[in-house]
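The structure appears below as structure tokens.
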Amino acid sequence: FSLKGKVAVITGGSQGIGLMTAERFSEAGAEIVILDITDASETATRLNGMAVQADVTDESSIQHAFAQVVEKHGRIDVLVNNAGVGFDEPMVEETDFQVFDKVMNINVKGVVNCMKNAVPHMSAGGTILNAASTAGIVSPPMSSAYNASKAAVISLTKSAAVELAARKIRVNCLVAGTVATTMNIGTPNETLAKYINPDARM
């Protein structure tokens, strides 16, 4: 496929699925913008792209980041909302609301924040891709905040797709299973088995 000349902003693009997406988009000819809370300039340089440091949970930070993108490229053609977190969680009755709030802030508010502020810079033919998860559908145990956040992303994607259809901006979500990324390194084998093997679930 070809993305030649398309301006693609990828949040959380310095590692994991975001980095793999940035690499593939670059190979397809896109003008890559890696938006990350860490300094991703080295990675962006390797991909002949642009790095912008920003916090997806902070609206002023995202507005400033997108202003930099538009100043350089004039528009945003593709937004990939990939930035997200997941933690080992206790049973729902032992919910730690500091963890819960952090997960929902990054995984849900971050998606809304980026969509809200990217859309004014997108024209007909624009595309938004939100990273969801099978956890938002099958709800494995010991991860209620993460499950809820990804279910919310799926629902938000449906709402945005309907709202933006008249402007010919497509909104879809990637519902991925467990992927071997840095976020999953150290996950106990028996827990991973619950994600990949239905027979191993509680």
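The values are calculated or read from the model by the stated rules, or taken from the named source; none is laboratory data. None of these values were measured; they are calculated from a predicted model. Heads up, the Cβs are rebuilt from the backbone with ideal geometry, glycines too, and the neighbour counts pull from every protein chain shown. The accessibility values were calculated without ligands, DNA or RNA, using every heavy atom of the protein model including side chains. Shrake-Rupley method; radii C 1.70, N 1.55, O 1.52, S 1.80 Å.
With respect to residue 158, is the statement that it is open to solvent by 70 Å² or more (accessible area, probe 1.4 Å), touching a Ser or Thr at 6+ places or on another chain (Cβ under 6 Å) and either among the charged types (D, E, K, R) or within 18 Å of residue 10 (Cα to Cα) (or both) true?
For residue 158, the condition - open to solvent by 70 Å² or more (accessible area, probe 1.4 Å), touching a Ser or Thr at 6+ places or on another chain (Cβ under 6 Å) and either among the charged types (D, E, K, R) or within 18 Å of residue 10 (Cα to Cα) (or both) - is not met.
Regarding the stretch 26-46, can at least one residue be identified that is under 27 Å from residue 101 (Cβ atoms), touching a strand residue (DSSP E or B) at 6+ places or on another chain (Cβ under 8 Å) and without any contact (Cβ under 8 Å) to a residue 24 or more places away in the chain? Working first, answer last.
Going through the stretch 26-46, the residues under 27 Å from residue 101 (Cβ atoms) turn out to be 34-40.
Adding the requirement that they be touching a strand residue (DSSP E or B) at 6+ places or on another chain (Cβ under 8 Å) leaves 34-40.
Adding the requirement that they be without any contact (Cβ under 8 Å) to a residue 24 or more places away in the chain leaves 39.
Yes, the stretch 26-46 contains at least one residue that is under 27 Å from residue 101 (Cβ atoms), touching a strand residue (DSSP E or B) at 6+ places or on another chain (Cβ under 8 Å) and without any contact (Cβ under 8 Å) to a residue 24 or more places away in the chain.
Going through the stretch 45-74 one residue at a time, which ones are assigned to a helix (DSSP H, G or I) and under 19 Å from the mean Cα position of the chain (by Cα)?
Filtering the stretch 45-74 for residues assigned to a helix (DSSP H, G or I) gives 45-46, 59-73.
The answer is 59, 60, 61, 62, 63, 64, 65, 66, 69.
Take the residues in the stretch 13-37 that are open to solvent by 70 Å² or more (accessible area, probe 1.4 Å) and in a loop (DSSP other than H, G, I, E, B); name whichever of them is nearest to residue 62 (Cα to Cα). Give the steps one after another, and end with the answer.
From the stretch 13-37, those open to solvent by 70 Å² or more (accessible area, probe 1.4 Å) are 15, 20, 24, 27, 31, 37; that's our starting set.
Retained after the next criterion (residues that are in a loop (DSSP other than H, G, I, E, B)): 15, 37.
Working: 15: 19, 37: 11 Å.
Taking the candidates together, the pick is 37.
Against the condition modelled with pLDDT under 95, assigned to a loop (DSSP other than H, G, I, E, B) and either open to solvent by 60 Å² or more (accessible area, probe 1.4 Å) or over 15 Å from residue 80 (Cβ atoms) (or both), how does residue 191 come out, does it pass?
no
Mind telling me which of the residues 42, 93 ends up being open to solvent by 40 Å² or more (accessible area, probe 1.4 Å), closer than 17 Å to residue 19 by Cα and either of a type in the set (Asp, Glu) or assigned to a helix (DSSP H, G or I) (or both)? Reasoning before the result, please.
Details: 93 fails: closer than 17 Å to residue 19 by Cα.
Exactly one residue qualifies, and that residue is 42.
Of the residues that sit in the stretch 118-135 and are part of a helix (DSSP H, G or I) and open to solvent by 20 Å² or more (accessible area, probe 1.4 Å), which one is nearest to residue 9 (Cα to Cα)?
Taking the stretch 118-135 as the starting set, the residues that turn out to be part of a helix (DSSP H, G or I) are 118-121, 135.
Next, only the ones that are open to solvent by 20 Å² or more (accessible area, probe 1.4 Å) stay: 120-121.
On the way: 120: 14, 121: 12 Å.
Here the residue is 121.
Test residue 145 against the stated conditions and say whether it is farther than 22 Å from residue 58 by Cβ and in a helix (DSSP H, G or I).
Details: farther than 22 Å from residue 58 by Cβ: no; in a helix (DSSP H, G or I): yes.
For residue 145, the condition - farther than 22 Å from residue 58 by Cβ and in a helix (DSSP H, G or I) - is not met.
If residue 153 meets every condition in (1) open to solvent by 10 Å² or more (accessible area, probe 1.4 Å); (2) assigned to a helix (DSSP H, G or I); (3) touching a residue at least 12 places away in the same chain (Cβ under 8 Å); (4) not polar (S, T, N, Q) apart from one, which number is that one?
Here residue 153 clears every test but (1).
I'm trying to understand the selection: among the residues of the stretch 18-36, which are under 19 Å from residue 111 (Cβ atoms) and touching a helix residue (DSSP H, G or I) at 6+ places or on another chain (Cβ under 9 Å)?
19, 22, 33, 34, 35, 36 - these are the residues of the stretch 18-36 that are under 19 Å from residue 111 (Cβ atoms) and touching a helix residue (DSSP H, G or I) at 6+ places or on another chain (Cβ under 9 Å).
For residues in the stretch 75-88 being assigned to a loop (DSSP other than H, G, I, E, B) and touching a helix residue (DSSP H, G or I) at 6+ places or on another chain (Cβ under 6 Å), which is farthest from residue 48 (Cα to Cα)? Don't jump to the end; show me each part of the working.
Step one: list which residues in the stretch 75-88 are assigned to a loop (DSSP other than H, G, I, E, B), which gives 75-77, 82-88.
From what's left, touching a helix residue (DSSP H, G or I) at 6+ places or on another chain (Cβ under 6 Å): 75-76, 82-87.
Working: 75: 18, 76: 17, 82: 20, 83: 21, 84: 24, 85: 27, 86: 30, 87: 33 Å.
Selected residue: 87.
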